[in-house]
Amino acid sequence: WGRRLVRTSHGHFGLAPETAEPGDQVWLLQCSQVPFVLRPRLDGRYSLVGEAYIHGIMFGEAVDCPGGRDDFVPIELV
């Protein structure tokens, strides 16, 4: 399966790639249909770990909450 059970710092449970590590982050990328796990790099960019299932944010709940769309920021993936 290649997945592991995870819990975010906000208390959401889900499934992420088995290569996910503590310190990785769950991101909602504009125009994507699923959340992604990204790994911050020392140079300020992010590496893609893979897609995730996170219960409670799969159907737009995180974007539809107050301030949800205001939190979108440009990032660079490598």
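The values are calculated or read from the model by the stated rules, or taken from the named source; none is laboratory data. In this text the structure is predicted, and so the values were computed from the model without any measurement. We place every Cβ from the backbone using ideal geometry, glycine too, and count neighbours over all the protein chains shown. For accessibility, only protein heavy atoms count, side chains too; no ligands or nucleic acids. Shrake-Rupley method; radii C 1.70, N 1.55, O 1.52, S 1.80 Å.
With every protein chain present, what is the per residue accessible area of segment 3-54 (1.4 Å probe, Å²)?
With all protein chains present, segment 3-54 gives 69 Å² per residue.
Using the basic label-point model (7 angstrom from Cα toward the beta carbon), what is the Arg39 to Tyr53 distance in nanometres?
2.4
Could you tell me what percent of the accessible area of segment 3-54 is made up of carbon and sulfur, with a 1.4 Å probe and every protein chain present?
Values: 1860 of 3570 Å².
Percent of accessible area from carbon and sulfur atoms in segment 3-54: 52.
In sequence order, what are the phi-derived ³J(HN,Hα) couplings for segment 30-40 according to the Karplus relation 6.51 cos²θ - 1.76 cosθ + 1.60 with θ = phi - 60°, rounded to whole Hz, with x for glycine and proline?
3, 6, 8, 9, 9, x, 10, 9, 10, 10, x
Would you mind giving the average projected area, over all directions, of the Cα convex hull of segment 3-54 in nm² with one decimal?
Values: hull surface 14.5 nm².
The directionally averaged projection comes out at 3.6 nm².
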